[in-house]
Amino acid sequence: MAKMECYCGAVLSNGSDNDIQLRVYTQTEFEKKVLDKQFPHLTNLPEYDVWRCPYCERLYFFKDGKLEKLYVLENK
Ligand SMILES: [Zn+2]
């Protein structure tokens with residue numbers, strides 16, 4: 001289980017029963033890593049590990065354990 005602090009101050013955790021960590025595949029990635037396999041399983045993880053803060057809705061994209069992209073909602 002990993003934890004991190006969002007820029008808004010919320011502590012995020014990817015423990016069980018969380019809506020923080022997302023499994024986001026591109027269509028191509030999904031077809032190669034999941035649909036083409038005889039026994040589809042989540043050992044074929046997507047390229048990015050995506051976390052979503054439930055409070056401010058920031059999206060964090062990690063690759064190989066490093067933050068690569070951070071998306072923040074624009075103000076309305
Ligand atoms: Zn946040």
Per the list (1) of a type in the set (Lys, Arg); (2) within 15 Å of the ligand (Cβ to nearest atom); (3) at pLDDT below 85, residue check on Arg52 breaks on (3)
Expected output for region 13-31 (first residue under 12 Å from Val50 (Cβ atoms), partner among the polar types (S, T, N, Q) and not in a loop (DSSP other than H, G, I, E, B), Cβ below 8 Å, 6+ apart or cross-chain) is Asn14/Gln21; Ile20/Ser13
query: Are any of the residues in region 23-30 exposed (fewer than 11 other Cβ atoms within 10 Å of the Cβ) and either outside any helix (DSSP H, G or I) or more than 16 Å from the ligand (Cβ to nearest atom) (or both)?
result: yes
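The values are calculated or read from the model by the stated rules, or taken from the named source; none is laboratory data. Please read all numbers here as calculations on a predicted model, not as lab measurements. Note: ideal-geometry Cβ built from the backbone for every residue, glycine included; neighbour counts use all protein chains shown.
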